[in-house]
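Read through the structure below, which is laid out as structure tokens, and then see the notes.
The values are calculated or read from the model by the stated rules, or taken from the named source; none is laboratory data. Here the structure is a predicted model, which means the values were calculated and not measured. Glycine gets a Cβ as well: all are built from the backbone with ideal geometry, and neighbour counts include every protein chain shown.
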Amino acid sequence: MPNQMKLFILLCSAKAVFSKTEILSHKFGDNVVLKPDSRTNPPSSILWRLGQNKVADFDTDFGPDVTYYGDFNGRTTLDKTTGELTITGLRKTDEGVYSVEFNSKRLEKTYTLSVLKPVPKPTIIVSCNDNKISCTLTCNGDTAGAEPVTYWWKVGEGNWEGIGKLLTVAKSDSKLHQKGYKYTCKLNNSVSEKVSDPIGPLFDPKPVPKPTIIVSCNDNKISCTLTCDGDTADAEPVTYWWKVGEGNWEGIGKLLTVARSDSKRHQNGYKYTCKLKNSVSEKDSDPVGQLFGQTSSFVGVGVGVAIPCAAIAILVFVVWRKKTGPPNNTVSRFRKTCGENKEQDNTGRVDQGLGNGENKEQDNTGRVDQGLGNGANKEQENSSRVEQELENGEQTLFISEDKQLLSSISRWRT
């Protein structure tokens, strides 16, 4: 017979023998039922062995009773009809290979029983190098009596991987630490599994940057959305905080929406500040606001200088005083320059100072007297002030003609 054929027959025989062995794993305290593979029912005699030691024996020639041996007595039951053996309260000493004889003939099928402790809940022990560039994680637990045990790891919300008892993580590994990933391990044997509590992140994030507030308002400025902006790629996980006015910090989130009608906060001139925060640092933005406030109107005088219309009004009143009254067209042009439709105090002053009629002029004269001080010294002081302003702006004011006055004021505005 060729050697190849002999090897084939040998492998088939080994497979047949192996297929007659049933592998059983049970926890401490469990029950197990060993079922013979035989068509001889009912047998006249039955003998169960663990290795070479007797477990249970029945023979009709010696009576109807079953004899149980050693530690199996009191927790083992033999079915005299089917030959099934039931063992309760399994112990570590119950482990081994079981065989059975029917009518003094051993059956081919055997049973390999393992009695294991459940695995304990593991804990993760972390050991990092001095500069904390890398860390080694150990999935730790007392597995005595629970072996063989396998070790599994999960990073973040990923899949379980049978890596082994140790897991080494470098700070540069796929930037996992930047996402705040946590690590979990699992112990597993054939009868149980337990999962550790997660730990992490392992590496401290970078400090947060100083944030800036980006304001985006709708067209009619009824509401505005504020964004607390900053590059937090290396600083995660980050939380966002907001403070309104002098109020308390609130963890609202990255965006804050403010409506014009919200508690009339815009009327109080409230300003808004945001803060970025992580486990190692926090930074505040510069405040922004008020979001819905009104802007005062100004007119330009000279090059790069802005003064309110009230200052122009005083200048006109000084010239007016010297001339004993401005022409009507000067008043009209002055009103046009400062704007009759502006709802601000400057316009009101011009209207009050340049009203129509003698009563208005008398009132204006009184206001000029009041604004320029009592007596000629006040008037001279104001005239000197005007002349000084004209010299600084390299302007020459000729007050002999109305047209020249308006021309000088126009040049100041530009």
Looking only at region 23-66, and only at residues there that are in contact with a helix residue (DSSP H, G or I) (Cβ under 9 Å, 6 or more places away or on another chain) and among the hydroxyl-bearing types (S, T, Y), the one that is surrounded by the fewest Cβ atoms within 10 Å (Cβ to Cβ): S44
Only one of G141, G145, G158, G180 that is touching a strand residue (DSSP E or B) at 6+ places or on another chain (Cβ under 8 Å) and either in the same structural domain as T76 (by TED's automatic domain parsing) or modelled with pLDDT under 95 (or both): G145
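Can we say A259 is under 30 Å from T138 (Cα atoms), among the small types (G, A, S) and not assigned by TED's automatic domain parsing to the domain that holds W160?
no
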Check on K132, surrounded by fewer than 12 Cβ atoms within 10 Å (Cβ to Cβ), in a loop (DSSP other than H, G, I, E, B) and touching a residue at least 60 places away in the same chain (Cβ under 8 Å): yes
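Given the residues V155, V208, V169, which is the only one that is touching a Cys at 6+ places or on another chain (Cβ under 8 Å) and either touching a residue at least 12 places away in the same chain (Cβ under 8 Å) or of a type in the set (V, I, T) (or both)?
V169
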Set L90, L113: member being in contact (Cβ under 8 Å) with a residue 60 or more places away in the chain, part of a loop (DSSP other than H, G, I, E, B) and buried (at least 17 other Cβ atoms within 10 Å of the Cβ): L90
Residues located in region 196-249, provided they are in a loop (DSSP other than H, G, I, E, B) and within 30 Å of P122 (Cβ to Cβ): S196, D197, P198, G200, P201, L202, F203, D204, P205, E236, P237
Residue match in region 146-156 (condition: farther than 22 Å from V126 by Cβ, of a type in the set (V, I, T) and in a strand (DSSP E or B)): no
So V119, is it part of a strand (DSSP E or B) and touching a residue at least 24 places away in the same chain (Cβ under 8 Å): no
Residue match in region 261-276 (condition: in contact (Cβ under 8 Å) with a residue 24 or more places away in the chain, surrounded by 15 or more Cβ atoms within 10 Å (Cβ to Cβ), outside any loop (DSSP other than H, G, I, E, B) and more than 23 Å from the chain's Cα centre (by Cα)): yes
Flag if V126 is touching a Ser or Thr at 6+ places or on another chain (Cβ under 8 Å) and within 17 Å of L187 (Cβ to Cβ): no
